[in-house]
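Everything below concerns the one structure shown next.
The values are calculated or read from the model by the stated rules, or taken from the named source; none is laboratory data. Just so it is clear, the model here is predicted, and its values are computed rather than measured. Because the Cβ atoms are built from the backbone with ideal geometry, glycine has one as well, and the counts that use them run over all protein chains shown.
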Amino acid sequence: MRPWIESTWQHIQHDLEGPRVPHAWCLTGAWGLGLATVSDRLVARLLCPDVREQSACGRCQSCRFLMQGAHPDRLKLTAEGAAGRIRIDAVRDAIALVYSTSTLGQGRVIEVTPADALNTEASNALLKVVEEPPVGTRFVFSTHLPGALLPTLRSRMRRIDLSLASWDAVCAEGVRIGLSEAQVSRGQWLLQEPFVGHDDPSRLAEAEVVLKTLQSVATGADPQWGANQIKGLSPILVLTVMVRIVESCLHGQADSAGCARRFGPEAFQAPFPEASGLFQLLDRIHAQRMPTARGIAHMALPGFGSLLAVWSHLWSKVQRP
Ligand SMILES: [Zn+2]
């Protein structure tokens, strides 16, 4: 178990043993830290009638049903369809179900993941039942984007943030699972997924292609050439790496020494493009990233091409010493 997951679990455990046990939880954290692991563990813990050493027993009928992915009292609402949203009729079905008797007698758990895939209508429908849940009904929301949740809904939940314990702990864990420190730091820098080199090495390789392309375009390569270099890659990955790089240049603006230490010294160096231009580019990338993250497949070549054209323009105005 990764050390920061263990420390997060201690917080959850503390709440579970406290005088007022939350009935609705909102788990948040960056990609790659193990949000799904914590969510699964919490759901199992809530449904297990025979908790041992602070966790689900792993042996009872409830635990076996969960392992088989077919627990009658666990309901999972997840993103569907071209729009990548949680459907309102799926939410209504879930609400109808929580008013029926649970099958195994340990109440029900409704999981909502990713919770940012709820639209306003679905959020409002859930809000009523989260505010006044039937006895024995618990909710486990999880999201990488807590800011995208309806504030009234968010305020009803116990929020648990899965955050990195320390960089040293992350590196030690990376080395333990067979990565080099360079891979861990590359994964963290480019994708905020320190273990991407272990979880999915091809994602790290793709992220490196995006980095190299942005470096080339920053030093004068044609943006259209750059768009061709990255056109076959996962759009969300490309946009994520772009966000990270533009953000790191903004960091570099504020403190180039800090940037060099934290964000890869060889990647980009001062002087950086002007901050207002970088912020505008960041807005444009986010504007394309949000629908892409929801699975709306509209990112074609012109999208990357126009972003790279802006990137190229910003760097062309930098006065080099
Ligand atoms: Zn059990």
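Can you confirm whether region 19-32 contains a residue that is more than 13 Å from the ligand (Cβ to nearest atom), surrounded by 15 or more Cβ atoms within 10 Å (Cβ to Cβ), modelled with pLDDT of 90 or more and part of a helix (DSSP H, G or I)?
no
Going through region 33-45 one residue at a time, which ones are surrounded by fewer than 21 Cβ atoms within 10 Å (Cβ to Cβ), under 19 Å from the mean Cα position of the chain (by Cα) and not polar (S, T, N, Q)?
The answer is Gly34, Ala36, Asp40, Arg41.
Take region 122-161 and flag every residue that is in contact (Cβ under 8 Å) with a residue 60 or more places away in the chain, assigned to a helix (DSSP H, G or I) and over 25 Å from His286 (Cβ atoms).
Residue satisfying the conditions is Val130 alone.
Checking Asp73 against (1) under 25 Å from the mean Cα position of the chain (by Cα); (2) within 16 Å of the ligand (Cβ to nearest atom); (3) among the acidic types (Asp, Glu), only one condition comes out false. Which one?
(1)
Has region 42-51 got any residue that is more than 11 Å from the ligand (Cβ to nearest atom) and of a type in the set (A, V, I, L, M, F, W, C)?
Yes, some residue in region 42-51 is more than 11 Å from the ligand (Cβ to nearest atom) and of a type in the set (A, V, I, L, M, F, W, C).
Considering each residue of region 44-97, count those that are basic (Lys, Arg), part of a loop (DSSP other than H, G, I, E, B) and touching a residue at least 12 places away in the same chain (Cβ under 8 Å), and give that number.
Residues flagged as basic (Lys, Arg), part of a loop (DSSP other than H, G, I, E, B) and touching a residue at least 12 places away in the same chain (Cβ under 8 Å) within region 44-97 amount to 1.
Quick one: how many residues across region 98-121 are outside any loop (DSSP other than H, G, I, E, B) and in contact with a Ser or Thr (Cβ under 6 Å, 6 or more places away or on another chain)? So that I can check it myself, show each step before the final result.
Narrowing region 98-121 to residues outside any loop (DSSP other than H, G, I, E, B): 98, 108-112, 115-117, 120-121.
Applying the additional criterion that residues be in contact with a Ser or Thr (Cβ under 6 Å, 6 or more places away or on another chain) yields 98, 108, 115-116.
So the count comes out to 4.
So, in region 1-23, how many residues would count as being small (Gly, Ala, Ser), touching a residue at least 12 places away in the same chain (Cβ under 8 Å) and within 17 Å of Val51 (Cα to Cα)? Reasoning before the result, please.
First, pick out the residues of region 1-23 that are small (Gly, Ala, Ser): 7, 18.
The next check asks that each one be touching a residue at least 12 places away in the same chain (Cβ under 8 Å); those that pass are 7.
Applying the additional criterion that residues be within 17 Å of Val51 (Cα to Cα) yields none.
Here the count works out to 0.
Residues are listed down the side, and each one gets a yes or a no for (1) surrounded by fewer than 19 Cβ atoms within 10 Å (Cβ to Cβ); (2) more than 20 Å from Pro235 (Cα to Cα); (3) β-branched (Val, Ile, Thr):
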{"position": "Ile160", "(1), (2), (3)": "no, yes, yes"}
{"position": "Trp167", "(1), (2), (3)": "yes, yes, no"}
{"position": "Cys171", "(1), (2), (3)": "yes, yes, no"}
{"position": "Gly174", "(1), (2), (3)": "no, yes, no"}
{"position": "Ile177", "(1), (2), (3)": "yes, yes, yes"}
{"position": "Pro201", "(1), (2), (3)": "yes, no, no"}
